[in-house]
Amino acid sequence: MNYTKQIQDIAGRLFSEEKIDVFIGYRNTGFDENQVPVLINQYKDVDQLLFTDKSVFNLANYLKYEHTRNKRVGLVVKGCDSRALNLMLTENQVKREKLFIVGIACEGVVDETGGKAQNCVECVMPDAVVFDEMLGTPSGKRDYQENSDIRALDGKSLTGRQEYFEEVFENCIRCNACRHSCPLCYCSNCCIDQETATLYHGANTTSSAFHALMTWSLHLAGRCVDCRNCEKACPSHLPLHLLHKQNEKVIYENFQEHLAGMIQDDRGAFYKYSLSDPDDFIM
Amino acid sequence: MARVGVFVCFCGANIADFVDVPAVVEEAKKIKEVKYAIDYKYMCSDPGQGMIRDAIVAHRLTSIVVAACSPRMHEKTFRKALSDAGMNPYLLEVANIREHSSWVHQKDKKAATEKSSDLIRMAVAKSMANEQLHEISVPVTKRALVIGGGIAGIQAALDIADARIPVVLVEKSPSIGGKMAQLDETFPTLDCSQCILTPKMVDVASHPYIELLPYSEVLELDGYVGNYKVKIKRKASYVNFDTCTGCGACWQKCPVKVPNEFNMGIDKRKAIYSPFPQAVPNKPVIDAEHCTMLIKGKCGICAKVCEKGSIDYTMQDEIIEREIGAVVVATGYDLWDPKPYEEYGVGRYKDIITSLEFERMVSASGPTGGVPVRPSDGKIPKSVVFIKCVGSRDEAKGIEYCSKICCMYTAKHAMLLHHKVHDSHAYIFYMDIRAAGKGYEEFVKRAQVETAATYLRGRVSKIYKKGDKLMVRGEDAQIGQVVEVEADLVVLATAVYPYKDNSDLARLLGISYDKYGFLSEAHPKLRPVETAKAGIFLAGCTQAPKDIPETVAQASATAAKVCGLFAGDTMLKDPMVSTVNTDYCTGCQNCVTVCPYQAIITEEIPLGHGSKEIRTVAKINEGVCQGCGSCVAICRSMAIDLAGFTDMQIINEIVSI
Amino acid sequence: MEAEVKEKIVSIEKPHVEAPPDWQPVIMGILCNWCSYAGSDLTGTSRLQYPPNIRIIRVPCSSRVDPWFIIKSLQTSADGVLISGCHPGDCHYISGNYYARRRFLVTKRLLNFVGFHEDRIQFSWVSAAEGPKFAKVVTKVTEDIKKLGPLHLYKKENISQT
């Protein structure tokens, strides 16, 4: 999968026609072939841009920040990235007319082992769902499949799961990188930082990490697109996708909703209800 | 620095017998912020409230905790005590140590005492985060909606309209009158029902303050007390009421015959019909389900014979919208279908009828000329068996309550039978005779003496056919024997039951109902005409079975409530509403989506101090907000908080124990 | 009379500590004002009895319940949480309980996923007329939590009350 030339052409054209102020894409670093996000604001830097199966990061995250607010932005989005962008549009965080969206019909990115990333293997929508220009041939929606790690954990006993997650919460250092890197975590005053709900829990303790990660994942329930920005950013390498995929599974199995960000103007599952939602778990 | 006062009530023996009140007071004193704690026998009494008022001043208290009965009982009372002392009334919290402690843990005084101390701890902690709140002034639309045009709705509408308040009266059928219009005579006076009802019906039609919408149904009710918007569907009658004179030429000529609902199906009416001669409005409607013209496009006789040209087959249903301030629900009752009594042969034997069918038969203007007849052969019955409690008081058939009116109307039916068929004999199978109203016991006595009716105390187990008679087998418990009565006609006093769609209406209005479908009053003893939803009131059998005098009293009571609500041009509203902290709001508008009252809109504010750029945030209309807190919990940024149940108050409660 | 052999109560989540002999669980109850709180008042008026372990917080509607109420209750003194609201279709605020029940399901499953026994967090619909049901619900929840033992998972260290 290589759209380097096409992206450079598009970005170049947008700058020369003065249609955008900044273009968000990927560039190489000096180390290996790791790519990092880059914000380009002039024509002459366009040749830094590239796109391969190592273009992992969800660039929609950058629409949260000062560098792009109220500017005209061009950006590259894969399937999952564009779903996050769809939700940001629905939730009024960014204006559609200010964006030029280059959508990719993604064939999946690789993880650190060089093999296809887990979320790409299980991907439900590789093609960008919102775009101005599409690169690649769309392959269409795929069936939802349960995350393989979730299935494995479900098979564990209660104690087994408890032990597993105790280690996760213990290793969280409350650096907030997960929040920072998630496109849908855009609240300027995060609830987890507020004293009321946390009881002075800013501290780096297991119980505070438990509260923070539970609350964070519940706020992303029905909104998470499984781009794995959070896991990539986490310095403790916590398997954060487990919490999100668990919520996604419960939502998928119990509520008749589209998956997060698939449809325009579709809010997450918690902002809607159905008269036939299950309540056999309620006495 | 918080200075909390704790006032613990003995509530006579209600709390004191099961909770060690003095110990609870001592425990409260140990809380750092509690600067004053005391107990008293009856905190809600005048001296009790006086203690609170005095302590507020003497000890410079900043919030008050009263540990007593449920806040649902006396929160208002104690709030008033605070205002009387010059303190904001919302700086009060109530710890429920009666309904939630002393009354439910009677076997373990130690545990009940500990729990009461915990509940006080929670209330103290919550009260420290209480803020001074001020009631919100909202405008009031001075118009009432009355749903249901039976005697309850008619009385309520007349009383409200007489107070010069406009009323919209909505009735489902083509005419007002309800069940009372179907009655022959009413107990205990044997007044002619229609004679006492029709003057009121005419008053309704001619009252300058009543807008009568017959043949109409309520579709939607939005808003909140003082500010409701109702959508009403006025069904197409296909008759122009302005030009129609009610001459009756149309229904005389109509060829279609349909079972007559007003006469319980005993005779037939036409597809174009007026339900009964004294109908108000006295204009016919076309039943679209049976009119040949409307279904097949053929016939049209009524239009041809109408001299005024009032028939209009192209008429459509009309949607009418009105702004109103209060609603009276007076949708009446249905009679329970006795089909489950298979042992009585219901449905199998023609000569088993319900009490309302009997009532129509004995009515002078009824389908059988005022004389009861056997449906099977049209003969006049001589031996009539009346069975009371058919459905009512029968757990096996699913109805536990007593329908209240059947004992009286059965005695009445015995009288009417005797008047109409002089050589008849009535047998009445009963469990009890409930005649508690004014003149009721005397009436039943009179019925028993004048008609010599045979009252048999016992239940009927079976009815079977013998030749062309019905054999009614039951118990005569007073002689302890099974008896069999040969009957020409059997009349079942079936239970008073809510209409099938009563609970649908309740959901539409946002009010509660019980397991049968009767609408729920706010408090069974002290608030029998209000519902839990402010501005919506109940009158008549829609709330519970009752007779006509009680119905009329309840209807007048709702009118008094409505007039009270409309007494000023504005009303004061509970200040426990949500507000948005625009510093935290991200403008995602998820709150707008979930608010049940559409109380949230957006506004644009500067991005920061002195910034020219703008951002969108949420804005809550405090007049519309009902304080549910849906938006508070849905807001990820915790940008919204609900006064009276703030995040701080709740977290304080959680950590205090 | 022989001394009863009392079944030892051991925490079901780790650490599997034995509960002290006189241990009584604490149940945090969050009830909606219009249905469940009214129903619980009716329980009291009817003098129906239930175990004294529950501590009730009143909210206007079940939709006011944010998942952090549950999380924070479990992290402080509660061994179990009971949340109760109006039956679907009967919410005093029309639709509150519909939104709430979605959050309830996901929260309950998530907490179970990370190691809490599912009976630690329970829900009920109790109407204002269901005094007896409330007593039954509280009794059941208290017995369930008693069997599960004290909760030690992710408790907040050093709670200080301001």
| remark: Selection from the range A:134-156 of residues in contact with a Lys or Arg (Cβ under 6 Å, 6 or more places away or on another chain) and of a type in the set (S, T, N, Q) yields A:Asn147
| Looking at the range B:557-577, is at least one residue in a strand (DSSP E or B) and at pLDDT 95 or above? | no
| field | Residues that are within 41 Å of the chain's Cα centre (by Cα), over 19 Å from B:Ile52 (Cα atoms) and not charged (D, E, K, R), drawn from the range B:16-26 | value | B:Ala16, B:Phe18, B:Val19
| Odd one out for A:Arg223 among (1) within 14 Å of chain B (Cβ to nearest Cβ); (2) without any contact (Cβ under 8 Å) to a residue 60 or more places away in the chain; (3) closer than 21 Å to A:Phe131 by Cβ | (2)
| Single match in C:Thr142, C:Thr162 (criterion: modelled with pLDDT of 95 or more, farther than 27 Å from B:Cys628 by Cβ, surrounded by fewer than 24 Cβ atoms within 10 Å (Cβ to Cβ) and more than 7 Å from every other protein chain (Cβ to nearest Cβ)) | C:Thr142
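Determine whether A:Gly25 is more than 20 Å from A:Leu85 (Cα to Cα) and among the small types (Gly, Ala, Ser).
no
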| For the range B:269-368, list the strands (runs of 3 or more DSSP E) that sit wholly inside it and hold at least 1 residues that are more than 22 Å from B:Thr245 (Cα to Cα), modelled with pLDDT of 95 or more and out of contact with any helix residue (DSSP H, G or I) (no Cβ under 9 Å at 6 or more places or on another chain); which are they? | B:318-324, B:352-354
| Among helices (runs of 4 or more DSSP H) lying entirely in the range B:70-184, which contain 2 or more residues that are in contact with a Ser or Thr (Cβ under 9 Å, 6 or more places away or on another chain)? | B:109-127, B:151-162
| task | Would you check if there is a residue in the range B:66-74 being crowded, with 20+ Cβ neighbours inside 10 Å, farther than 25 Å from C:Ser36 by Cβ and modelled with pLDDT of 95 or more? | result | no
| If we only count helices (runs of 4 or more DSSP H) wholly inside the range C:16-131, which ones have 1 or more residues that are among the aromatic types (Phe, Trp, Tyr)? | C:67-75, C:96-113
| field | Matching option when the condition is surrounded by fewer than 23 Cβ atoms within 10 Å (Cβ to Cβ), free of Cβ contacts under 8 Å to residues at least 24 places away in the same chain and in contact with an Asp or Glu (Cβ under 9 Å, 6 or more places away or on another chain), among B:Arg348, B:Arg393 | value | B:Arg348
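Hey, among C:Val65, C:Val81, which residue is touching a Leu at 6+ places or on another chain (Cβ under 8 Å), more than 11 Å from chain A (Cβ to nearest Cβ) and under 26 Å from B:Pro596 (Cβ atoms)?
Just a single option satisfies the conditions, and that option is C:Val81.
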| remark: Taking the range B:643-657 and keeping residues at the interface with chain C (Cβ under 7 Å from one of its Cβ atoms), of a type in the set (A, V, I, L, M, F, W, C) and touching a residue at least 12 places away in the same chain (Cβ under 8 Å) leaves B:Phe645, B:Ile650, B:Val655, B:Ile657
| query | What residue, among those in the range B:516-543 that are part of a loop (DSSP other than H, G, I, E, B) and in contact with a Pro (Cβ under 9 Å, 6 or more places away or on another chain), is surrounded by the fewest Cβ atoms within 10 Å (Cβ to Cβ)? | reply | B:Tyr516
| task | With respect to B:Lys612, determine if the residue is more than 14 Å from chain C (Cβ to nearest Cβ) and surrounded by 15 or more Cβ atoms within 10 Å (Cβ to Cβ). | result | no
| query | Would you call B:Lys29 within 38 Å of the chain's Cα centre (by Cα) and among the basic types (Lys, Arg)? | reply | no
| request: Would you please name the residue that is surrounded by the fewest Cβ atoms within 10 Å (Cβ to Cβ), looking only at residues in the range C:103-118 that are within 7 Å of another protein chain (Cβ to nearest Cβ) and of a type in the set (D, E, K, R)? | output: C:Arg109
| task | Just one of (1) at the interface with another protein chain (Cβ under 10 Å from one of its Cβ atoms); (2) in contact with a Phe, Trp or Tyr (Cβ under 8 Å, 6 or more places away or on another chain); (3) of a type outside the set (Lys, Arg); (4) not in a loop (DSSP other than H, G, I, E, B) trips up A:Ser274, so point out which. | result | (4)
| task | Answer yes or no as to whether B:Ser173 is in contact with a strand residue (DSSP E or B) (Cβ under 6 Å, 6 or more places away or on another chain), closer than 30 Å to B:His413 by Cα and of a type in the set (S, T, N, Q). | result | no
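Only one of B:Leu456, B:Leu470, B:Leu489, B:Leu505 is in contact with a Pro (Cβ under 8 Å, 6 or more places away or on another chain) and more than 18 Å from B:Lys561 (Cβ to Cβ); which?
Values: B:Leu456 fails: in contact with a Pro (Cβ under 8 Å, 6 or more places away or on another chain); B:Leu470 fails: in contact with a Pro (Cβ under 8 Å, 6 or more places away or on another chain); B:Leu505 fails: in contact with a Pro (Cβ under 8 Å, 6 or more places away or on another chain).
Sole residue among the options that is in contact with a Pro (Cβ under 8 Å, 6 or more places away or on another chain) and more than 18 Å from B:Lys561 (Cβ to Cβ): B:Leu489.
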| note | Heads up, the helices (runs of 4 or more DSSP H) in the range A:185-271 (entirely inside) with at least 2 residues that are charged (D, E, K, R) are A:229-233, A:241-254
| Within the range B:615-637, is there a residue that is more than 14 Å from chain C (Cβ to nearest Cβ) and either more than 28 Å from B:Gly223 (Cα to Cα) or among the hydroxyl-bearing types (Ser, Thr, Tyr) (or both)? | yes
| task | Look through the range B:160-170, keep the residues that are in contact with a helix residue (DSSP H, G or I) (Cβ under 7 Å, 6 or more places away or on another chain) and surrounded by 24 or more Cβ atoms within 10 Å (Cβ to Cβ), and return whichever of them is nearest to B:Pro281 (Cα to Cα). | result | B:Leu169
| query | Only one residue in B:Ala643, B:Ala618, B:Ala567, B:Ala633 is touching a Cys at 6+ places or on another chain (Cβ under 8 Å), farther than 30 Å from B:Ala436 by Cα and not aromatic (Phe, Trp, Tyr). Which one? | reply | B:Ala618
| field | Selection status of B:Val104, surrounded by 22 or more Cβ atoms within 10 Å (Cβ to Cβ), facing chain C (nearest Cβ under 7 Å) and among the β-branched types (Val, Ile, Thr) | value | yes
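For (1) over 37 Å from the mean Cα position of the chain (by Cα); (2) within 19 Å of B:Glu359 (Cα to Cα); (3) assigned by TED's automatic domain parsing to the domain that holds B:Asp191, each residue gets a yes or a no:
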residue	(1), (2), (3)
B:Lys397	no, no, no
B:Lys438	no, no, no
B:Lys469	yes, no, no
B:Ala493	no, yes, no
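The values are calculated or read from the model by the stated rules, or taken from the named source; none is laboratory data. None of the values given here were measured: they were computed from a predicted structure. No Cβ is skipped: glycine too gets one built from the backbone with ideal geometry, and neighbour counts run over all protein chains shown.
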